[in-house]
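Before any comments, here is the structure.
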Amino acid sequence: MAARRGPTYQKVVLGNELRALREQKRQQAEREGEDSSRWTAEAVSARLKFSRSKLSRVEAGEIPLPKVGDLNALLDEFDVNDERGRADLRQLHLDSLKVEPITSYRRFLPSGMPRYLGLEQACVRIRGYENNVVHGLLQHEDYAAALLGSAKVVEERTTEAVEQAIRARMERKDLLVDGREVHLILLETTLRTCVGSPEVMRQQYAEITRLCDLDNIEVQVIPGNLPTYRAGFNFTVLEFEALDSVAQSDGFGSITMWSKPADVGQFARQFEAMAKAAPGPSETPRILKDLEEELWT
């Protein structure tokens, strides 16, 4: 099944197209000996009476372009006269303004998470590393409930917020069965940390083992006694068919994302180093069985 290309993905694609059109004008100005500074995002925004950062943020896919009039103004500025090309961009613009299914949970999610989840739905490959908790895509519902419930008072969350966050996390797992490649790395120390109760941990181990049976999912565990590299914080790299890869990391109450190839490449190298050193995915069920017998029986 192909990845779902929702509004967030379309927003990034539209931003890329607009950036490419602006860059063409800048490069043309340089070739013709004209002032290329007229074609910075800030300069174009100023001429069209946008806010200073609006075009830059639209190009980055961070915010939508809400008015078709703004799109037409940009296309006029960039001398896009081909009607078919303009029509294609208008359709892309309309698609980018549709509502993501995850929007209903927006107010219960950390800043930046709705955008990340929209891109996650559109990717074709996920590579993720978690160093403190079980990766969200692997979490059993009872594990998620215990994890989020334990932080309820400290983080001043309402019962509704916790319940909706659990529901969003479980619905997120639907993408695991649509065939995209998912490769996740966990630490043994994480799996030794009791969340909820021994019964919850047994259920969590069983859930990881179940998911390992899916052809498109690989899970590796770095043993605590293995002297190898471990990244200092969690991250995920998303790969797409028609977009450059992006990387993200969770922080307290917010999500940080990187799209520059050099930044994403650094995360990819960290992941590959850990994947190369850790026992292979076929060893994960055995590792979980041994840990369960040692800790939770």
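The values are calculated or read from the model by the stated rules, or taken from the named source; none is laboratory data. As the structure is a prediction and not an experimental result, all values here were calculated from the model. Counting neighbours? That spans all protein chains shown, and the Cβs are built from the backbone with ideal geometry, glycine included. Each accessible area value is taken on the protein alone, full model and side chains, heavy atoms only, with ligands, DNA and RNA left out. Shrake-Rupley method; radii C 1.70, N 1.55, O 1.52, S 1.80 Å.
For this structure, a couple of remarks:
- ILE217 sits with roughly 10 Å² accessible to a 1.4 Å probe, with DNA, RNA and ligands left out of the calculation.
- By accessible area with a 1.4 Å probe, ligands and nucleic acids excluded, highest first: order of THR256, THR236: THR256, THR236
- Listed residues ALA87, ALA41, ALA273, most fluctuating in the chain (Gaussian network, C-alpha, under 10 Å): ALA87
- Taking max minus min of the alpha-carbon positions on each principal axis, segment 33-84 gives extents of 34, 28, 18 Å, largest first.
- With all protein chains modelled, accessible area of THR228 [1.4 Å, Å²]: 40 Å²
- Of the residues VAL124, GLN27, THR189, the one whose Cα sits farthest towards the positive end of the charge dipole of the chain is GLN27 (charges of +1 on Lys and Arg Cβ, -1 on Asp and Glu Cβ, taken about the Cα centre).
- What the Kirkwood sum gives for the chain is a hydrodynamic radius of 21.3 Å, with every pair of different alpha carbons counted.
- When the chain is treated as a Gaussian network with alpha carbon springs shorter than 10 Å, the biggest mean-square fluctuation among ASP88, ASP178, ASP215 belongs to ASP88.
- FRET efficiency for the ASP263 to ARG52 pair, using the beta carbon distance and R₀ = 25 Å, is estimated at 0.55.
- Projected label distance in nm at LEU94 and TYR229, using a 7 Å step from Cα toward the beta-carbon: 4.8 nm
- Most to least accessible of GLU77, GLU156 (protein chains only, probe 1.4 Å): GLU156, GLU77
- Largest accessible area first, the residues GLU199, GLU59, GLU163 order themselves as GLU163, GLU199, GLU59 under a 1.4 Å probe with ligands, DNA and RNA left out.
- With all protein chains modelled, accessible area of SER197 [1.4 Å, Å²]: 40 Å²
- Estimated Rh, segment 34-189: Kirkwood, alpha-carbon pairs, angstrom: 19.0 Å
- Spin-label pair LEU214/SER37, simplified geometry with 7 Å Cα→Cβ offset, distance in nm: 5.3 nm
- Where labels lie 7 Å past Cα in the beta-carbon direction, separation of ASP79 and GLU294 in nm: 6.8 nm
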